[in-house]
Amino acid sequence: QVQLVESGGGLVQAGGSLRLSCAASGRTFSSYAMGWFRQAPGKEREFIGGINWRGGYTYYTDSVKGRFTISRDNAENMVYLQMNSLKPEDTAVYYCAATQRGLTGQTSNYDYWGQGTQVTVSS
């Protein structure tokens with residue numbers, strides 16, 4: 001069992017930065033690949049990137065590549081999403097999720113989800 005809690009969201013101007021944190025509970029956290037998703041109003045939840053269980057591999061979708069960076073600290077049971085050069089279209093609720101199926105963009109493959117944190121980017 002893994003419980004996830006996101007934090008760090010807020011209101012930021014376009015071009016600014018935020019760092020989201022995802023705190024995990026559970027002794028098996030290091031065995032999970034972690035994904036970051038976002039959901040804007042009226043849209044489906046979207047995979048934006050993830051990191052494998054060891055932290056040696058990351059993947060980003062084109063929408064965030066070069067602007068967002070995912071990292072993890074297994075000793076602290078933490079995953080981070082550093083977001084730079086934010087755009088109004090990045091406005092969404094951001095979720096972290098855990099899977100033991102290997103890093104994947106498929107929402108249905110994730111076993112555990114956080115409650116989400118709101119990110120609003122003003123123009």
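The values are calculated or read from the model by the stated rules, or taken from the named source; none is laboratory data. Owing to the predicted nature of the structure, the values given are computational and were not obtained by experimental measurement. When we count neighbours, we look across all protein chains shown, and the Cβ atoms used for this are built from the backbone with ideal geometry, even at glycine. Remember, those area values only see protein heavy atoms, side chains included, never the ligands or the DNA or RNA. Shrake-Rupley method; radii C 1.70, N 1.55, O 1.52, S 1.80 Å.
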Count of the range 67-123 residues which are over 12 Å from the mean Cα position of the chain (by Cα), among the small types (Gly, Ala, Ser) and on the phi < 0 side of the Ramachandran plot: 4
Residue in the range 90-113 that is assigned to a helix (DSSP H, G or I) and touching a residue at least 60 places away in the same chain (Cβ under 8 Å) present: yes
Top-ranked residue of the range 14-42 - restricted to ones that are among the polar types (S, T, N, Q) and closer than 19 Å to VAL93 by Cβ, ranked as least open to solvent (accessible area, probe 1.4 Å): SER21
Boolean, GLY66 is closer than 22 Å to SER122 by Cβ and in a loop (DSSP other than H, G, I, E, B): yes
Residue identified as of a type in the set (D, E, K, R) and either in contact with a Lys or Arg (Cβ under 7 Å, 6 or more places away or on another chain) or open to solvent by less than 60 Å² (accessible area, probe 1.4 Å) (or both) among GLU89, GLU76, GLU46: GLU46
Meets criteria (at pLDDT below 95, within 22 Å of THR99 (Cα to Cα) and either open to solvent by less than 30 Å² (accessible area, probe 1.4 Å) or of a type in the set (Val, Ile, Thr) (or both)) for THR69: no
Verdict on GLY49 being small (Gly, Ala, Ser), within 17 Å of THR99 (Cβ to Cβ) and over 11 Å from the mean Cα position of the chain (by Cα): no
